[in-house]
Amino acid sequence: MNEIRLKNEMKNMPREMNVEKTAPDPAREPSTPMVEIDRVAFFYGNQPALKNISMSIPRNKVTAFIGPSGCGKSTLLRCLNRMNDLVEGARMEGAIRIGGKDIHREIGDVSALRKQVGMVFQKFNPFPKTIFENVAYGPTIHGTKDRNALSAIVEKSLRATALWDEVKDRLNDSALRLSGGQQQRLCIARAIAVEPEVLLMDEPCSALDPLATARIEELMVELKRNYTIVIVTHNMQQAARIADKTGFLLLGELVEFGPTEKLFTRPADQRTEDYITGRFG
Amino acid sequence: MTHMFKGVWKRGDLFIWLAGVGLALSLIMVAGLLLAIFINAATFFWPADLMRISLKSGGTVIGLKTGREAIPQPETPEASARYRLQIKQGNRDVTGADFIWIDEADIARVEKAEGALIVERREWGDFYGLLKEVREGGGQVAGGGASGLLTLQEKMETALAIHAEIDDLTKSDIGRVNYKMEKNRLAMASLKPGADDQALARLSKERKELERHYQELTARLQVLRDKQVGEAVFLTADEREISIPLAKVIQVYEPGALGAVGRIGFFLRKAIDFVTDDPRESNTEGGVFPAIFGTVMMVMIMSLLVTPLGVVAAFYLREYAHQGTMVSAVRIAVNNLAGVPSIVFGVFGVGFFIYFIGGTIDQLFYAEKLPAPTFGTGGILWASLTMALLTVPVVIVSTEEGLASVAGGLREASIALGATKFETTWRVVLPAVMPSILTGLILAMARAAGEVAPLMITGVVKLAPSLPVDGLFPFVHLERKFMHLGFHIYDVGFQSPNVDAARPMVFTTTLLLVVLVVLLNLAAIWLRNRLRKKLSASGV
């Protein structure tokens, strides 16, 4: 059912989608959370990585997960689009709902989930193909064959990531010839080309220089109008700059979750304060 | 002292020298080998002047110097060594030996043999001598000398045209009739006794028709043969008169009369003939076209077979199989397979492909031809399959290495976009690993083009009556035996009755094989670089 709806949306894609996305949609009540994480625990074999985590991630906001290395923030992010399925011997307990639907039971197959929940990785990883093919890859996988429709999607996605003006004359060049920052923005364009509702970003700027980082951050603020963004970051300043809500994880536990400003200025938990003031991490 | 040595060791100078010497040695050996092949091969086509050698012991020889060596005399010291010359005097039919040794001490005079001609014949090798007269149907049409040569060359043109016509007639027209007759015979043989009178009647009628057509063609052939009336009379060095029918002559030329440009033109023409002509005189003369064709075709078929097989195997090993002891064992086995002597693969090919699979195919589809085997004997398909088996480890290993170096991030990115594992493999991993696959294929092709041992028992022959591709349905005949450059070298060099005549052929064929392998590799490398350029960041 869901898939059919998505396919239809795909067919009417070219221009009106912009309108659809920006106009207020009565079906999407902004007040309901986009992602609900309900008592999630996660194990690698017998090793617990996440313990009893519950949180609600708001729609059209940037939510950041911070915490020291190995605290489980990436694992939590990867639970949201079931990337952890690929890890042998891994197991999740609890439930995650996206748009009110359980990702394991109610959203068609895993492919449909990942179409709804896009992901951008720490190390930018464009395919060794042309710029055009990179962006068109997702839509092609999901059944868009028409060249004109694909061109429209590519242009729209590249415009959304402010890459269009830089690459419009060389769409058939290898994506690997772009600079690091451009490659990462291309990866974002590739992720939003399938029109996801949630965009997961796993330390998207850690391999970039400060200027490129600034551009990606601007982009995130821009993109949250249309997408719900969940970002994992090592960089507390970055979380402070762009996130609306921030969660602090430590040793697999969600220590504190709240509005970014409150978390950084008046943390409720002593461990949060120790971490953000640099006493460990 | 120890301190100083220690310093040298620490700095690693010694190691750098050793490495340099090693590299230089390898380069010198390779360059020397190539140079030796090249020089020996290149001189083969060059039209050298004929010499007239008068002997003190009486008699004259017209010929070409082909070698010089010390006469083995065990008792005498080095300084007083005497030498002898190897002379190619041709005229095998007259003198019995076309190469002779002449003691240098026995030579009275050496001079350029003015007016001496080289006659390239279809049989008996070259003839060296002077033109006495040109005859046609018994009557003389021209005398000797320059004017005679002119007339002779004119007559040669018509003789060659007639020969080409005869060749065409026997090879294509009569070949086609024979092929149809054979099919007809098999169809008749496969009819059950007394089964269908109509079919039998139809087949016998067809047979009659074919026989009539065959008679027609042989009559036409006879008419053409009757036209071959020209002959030329030559004088040998010792003034004997030899008459040679023009039908047996390929070309006549006077090397002494050729200028520099003429010689280069001649050289090029000979080189082209070498790669485009069929062999003659049990492979010691003529060209090697069937061997080139066979080699290239075998390598192509092998590539078509080995690439999918090796790539699929490597993908399974690296992408799908659970990485454990079993996969490690398989991987070791695959690597070891690359070290198995090639003749073992040949024996396997004979036992499995030819006798088992080929024999089964024969029983199922070609029963009417039995006991004469169709697929149950060596052929280009089986040889290619055996070669594919021999080279599949190379493709597997190189594809696996390529797969290992494809960044895991690419797979993740594709999966995260909602692609399945198969879509990821097909659309992202396979294109990214393509250059590695091509690298494997290059290595496999180089190996297959140079390998001889397994081919000798799976379908290569000294002389194949027809190419594996021709104008007769189904055009590609994978069951046919074929010729191969590597085997050609072995055969001409070591199995030939006339070693001296064959020697230049060996070098030329070797050069050709090396060139062919280099060309095949260059083509594959060019393809790979194009792909890499398309994929890579550095681009240009």
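The values are calculated or read from the model by the stated rules, or taken from the named source; none is laboratory data. Computed from a predicted model, the values in this text were never measured in an experiment. FYI the Cβ positions are ideal-geometry reconstructions off the backbone, even for glycines, and counts take in every protein chain you see. Protein only, heavy atoms only, side chains kept; ligands, DNA and RNA dropped before computing areas. Shrake-Rupley method; radii C 1.70, N 1.55, O 1.52, S 1.80 Å.
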Counting other chain Cβ atoms within 10 Å of each Cβ in B:423-434 and taking the mean gives 2
Note on chain B: alpha-carbon gyration tensor, axes a ≥ b ≥ c; rule is a/c under 1.5 for rounded, else prolate if a/b larger than b/c, else oblate; result oblate
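Counting DSSP beta bridges with both partners in chain A, what percentage is antiparallel, nearest 5?
Counting DSSP beta bridges with both partners in chain A, the antiparallel share is about 60 percent.
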Expressed in nanometres to one decimal, the distance between label points 7 Å along Cα→Cβ at residue A:52 and residue B:407 is 4.1
Pseudo-spin-label distance residue B:473 to residue B:73, built 7 Å along Cα→Cβ, given in nm, is 7.4
Mean accessible area per residue over chain A (1.4 angstrom probe, all protein chains present, square angstrom) is 44
For residue A:232, other-chain or 5+-apart residues with amide H closer than 5 Å (H placed, Pro excluded) are A:65, A:201, A:202, A:203
Reported to the nearest 10 Å², residue A:164 has, with a 1.4 Å probe, an accessible area equal to 40
Row for the range B:264-413, column shape: gyration tensor on C-alpha, a ≥ b ≥ c, rounded if a/c < 1.5 i.e. under 1.5, prolate if a/b over b/c, else oblate; value oblate
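Quick check: at a probe of 1.4 Å, how many percent of the accessible area of chain A sits on carbon and sulfur atoms?
Percent of accessible area from carbon and sulfur atoms in chain A: 49.
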Between residue B:253 and residue B:326, Cβ-based FRET efficiency (R0 60 Å, step 0.05) works out to 0.30
By the Cα gyration tensor axes a ≥ b ≥ c (a/c under 1.5 gives rounded; else a/b larger than b/c gives prolate, otherwise oblate), the shape of the range A:106-232 is oblate
So the angle from the long Cα axis of helix A:131-141 to the longest Cα principal axis of chain A, reported in degrees to the nearest 10, equals 80
Put B:121, A:241 in order of accessible area, largest first, probe 1.4 Å, and you get A:241, B:121
With the 1.4 Å probe rolled over protein heavy atoms, the range B:51-131 has an accessible area per residue in Å² of 51
Reported to the nearest 10 Å², residue A:121 has, with a 1.4 Å probe, an accessible area equal to 10
If amide H atoms are modeled at 1.01 Å from N in the peptide plane, then the residues at a separation of 5 or more from residue A:90, or on another chain, having amide H under 5 Å from its own are A:45
Taking Cα atoms, the helix B:430-450 axis meets the longest principal axis of chain B at an angle in degrees (rounded to 10) of 30
Expressed in nanometres to one decimal, the distance between label points 7 Å along Cα→Cβ at residue B:518 and residue A:101 is 6.4
Out of B:213, B:170, B:158 - ranked by how far each Cα lies towards the positive end of the dipole of the range B:133-253, with unit charges on the beta-carbon of charged residues - the top one is B:213
Among A:40, A:120, A:62, the residue with the largest mean-square fluctuation in a Gaussian network model of chain A built from Cα contacts under 10 Å is A:40
Here the range A:234-239 yields Karplus 3J(HN,Hα) values (6.51, -1.76, 1.60; θ = phi - 60°; whole Hz; Gly and Pro given as x) of 8, 9, 5, 4, 4, 4
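Taking all protein chains in place and a 1.4 Å probe, what share, in percent, of the accessible surface of the range B:107-200 do carbon and sulfur account for? Present the calculation step by step, with values, prior to reporting the outcome.
Details: 2700 of 5210 Å².
Using a 1.4 Å probe with all protein chains present, the range B:107-200 comes out at 52 percent carbon and sulfur.
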Expected integer from the mean partner chain Cβ neighbour count at 10 Å over A:125-132 is 6
Long-range amide H partners of residue A:41, meaning residues 5 or more apart or on another chain whose placed amide H is closer than 5 Å, are A:52, A:53, A:93, A:94
In whole percent, the fraction of accessible protein surface over the range B:426-540 that belongs to carbon or sulfur atoms, probe radius 1.4 Å, stands at 71
For the range B:410-421, in residue order, the Karplus 3J(HN,Hα) values (coefficients 6.51, -1.76, 1.60; θ = phi - 60°; whole Hz; Gly and Pro = x) are 5, 5, 4, 4, 5, 4, 5, 7, x, 6, 7, 4
Expressed per residue, the solvent accessible area of the range B:133-253 in Å² (1.4 Å probe) is about 61
Once all protein chains are kept in place, residue B:177 shows an accessible area at probe 1.4 Å, nearest 10 Å², of 10
Only helices counted: for the protein assembly as shown, with every DSSP H run of 4 or more residues adding -39500 (n - 2.57) and the sum spread over all residues, [θ] at 222 nm is -16000 deg cm²/dmol
Projected onto the charge dipole of the protein assembly as shown (unit charges on the beta-carbon of Lys, Arg, Asp and Glu, signs +1, +1, -1, -1), the Cα from B:496, B:420, B:519 with the largest positive-side position is that of B:420
To the nearest 0.05, the calculated FRET efficiency linking residue B:309 and residue B:81 through their beta-carbon distance, R0 being 41 Å, is 0.10
Filtered hits (lysines, Cα-Cα < 23 Å from residue B:155, offset >= 8 within chain) -> B:132, B:227, B:248, B:270
Output row A,B: buried area (accessible, probe 1.4 Å, summed both chains) in Å², nearest hundred, equals 2000
Dividing the mean separation of Cα pairs under 8 Å (6+ apart) by the residue count of the range B:133-253 yields a relative contact order in percent of 34
Expected vector for the range A:57-66, Karplus 3J(HN,Hα) from phi with 6.51, -1.76, 1.60 and θ = phi - 60°, integer Hz, x for Gly and Pro, equals 9, x, 5, 6, 9, 9, 10, 10, 10, 10
Nearest 10, in degrees from 0 to 90: the angle of helix B:197-226 to the longest Cα principal axis of chain B is 50
